[in-house]
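Participant: Got a structure for you, written out below as structure tokens; questions coming shortly.
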Amino acid sequence: MNARLQELDEIEASIWSELEQCVAVRPRPESGETDADQPHEWRVAVLATVDDGQADARSLVLREVDAAERRLIFYTDARSPKVRQIEQSPQGTLIFYSRKLGQQLRMQVRLNVETTGLAVSSRWAKLQTSAGARDYLSVAAPGRPLDAPLSDLGARGHFAMIEAMAETVDWLDLHPDGHRRAVMGANGSRWVQP
Ligand SMILES: Cc1cc2nc3c(=O)[nH]c(=O)nc-3n(C[C@H](O)[C@H](O)[C@H](O)COP(=O)(O)O)c2cc1C
């Protein structure tokens, strides 16, 4: 997104194109990394959830993007507290910030966790032979005190996927020529005061 786009529909398309670039598989640089080889800064998002009336938030790696469906996919451990929070309260907010782009996305999302079924098993089949599989194979659940006994825990994959359907996207563009902000949702898009 180099030139400053002026039309809201172009800006919205450009946002989703940037998100798709985050998850695109890129060839390893043959020699000497350049700036362009750095991971896209929107690749790591902050997901805020509601925990019994209390706000909670954490960093997550963006894994898949379906721009047409306005759908984002994250991977997690099915036993992690965020999974219980989402099951109790599916509203969430995602924050993406890129210093390079000078842009923040604040996205209101509806969340859903999948722990079984074809969508989960097909992704796990690909993941389980990779180094990343160990994140979902620990006998202890995330957040469990390390000094607690392990006797009642089984060792199996606990891979789960979090689906986030974007409802509104609040786009903030920080720029020396003037900041800009727009809110885009099912009822259309509009410019708002930054
Ligand atoms: C850069 C970064 C990327 C992370 N990516 C993930 C991820 O993709 N999935 C995940 O479950 N946790 C990820 N984590 C760990 C989470 O931020 C969090 O600590 C963990 O999932 C427990 O969260 P919870 O207690 O809210 O369930 C990441 C942390 C960092 C710092």
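Every read-out reported here was derived from the displayed coordinates using simple, explicitly stated rules and does not represent laboratory data. On a predicted model such as this, the values are computed, not experimentally measured, just so you know. Positions of Cβ are backbone-derived with ideal geometry, glycine not excepted, and every protein chain shown enters the neighbour counts.
Participant: When the stretch 54-80 is examined, which residues are found to be surrounded by 15 or more Cβ atoms within 10 Å (Cβ to Cβ), over 11 Å from Ile162 (Cα atoms), over 15 Å from the mean Cα position of the chain (by Cα) and not hydroxyl-bearing (Ser, Thr, Tyr)?
Facilitator: Matches in the stretch 54-80: Arg79 only.
Participant: Moving on to the next point. Test Val120 against the criterion of being surrounded by 16 or more Cβ atoms within 10 Å (Cβ to Cβ) and either more than 19 Å from Leu72 (Cβ to Cβ) or not polar (S, T, N, Q) (or both), and give yes or no.
Facilitator: Values: surrounded by 16 or more Cβ atoms within 10 Å (Cβ to Cβ): yes; either more than 19 Å from Leu72 (Cβ to Cβ) or not polar (S, T, N, Q) (or both): yes.
It is true that Val120 is surrounded by 16 or more Cβ atoms within 10 Å (Cβ to Cβ) and either more than 19 Å from Leu72 (Cβ to Cβ) or not polar (S, T, N, Q) (or both).
Participant: Kindly evaluate Ala119 against the criterion of being without any contact (Cβ under 8 Å) to a residue 12 or more places away in the chain and more than 30 Å from Arg181 (Cα to Cα).
Facilitator: The answer is no for Ala119.
Participant: When you scan the stretch 121-141, how many residues do you find that are in a loop (DSSP other than H, G, I, E, B) and away from the ligand (no atom under 13 Å from the Cβ)?
Facilitator: Number of matching residues: 5.
Participant: Quick check on this structure: which one of Arg110, Arg144, Arg181 is surrounded by fewer than 17 Cβ atoms within 10 Å (Cβ to Cβ), charged (D, E, K, R) and within 16 Å of the ligand (Cβ to nearest atom)?
Facilitator: Criteria check complete, one pass: Arg144.
Participant: Another question, if that's okay. Output yes when any residue across the stretch 153-168 is over 19 Å from Glu41 (Cβ atoms), in a loop (DSSP other than H, G, I, E, B) and of a type in the set (A, V, I, L, M), and no when none is.
Facilitator: Looking only at the stretch 153-168, we keep the residues that are over 19 Å from Glu41 (Cβ atoms), and these are 153-163, 165, 167-168.
Keeping just the survivors that are in a loop (DSSP other than H, G, I, E, B) gives 153-158.
Next cut, of a type in the set (A, V, I, L, M) only: 153, 155.
Yes.
Participant: Only one of (1) at positive phi; (2) under 18 Å from the mean Cα position of the chain (by Cα) fails for Gly178. Which number is that?
Facilitator: (2)
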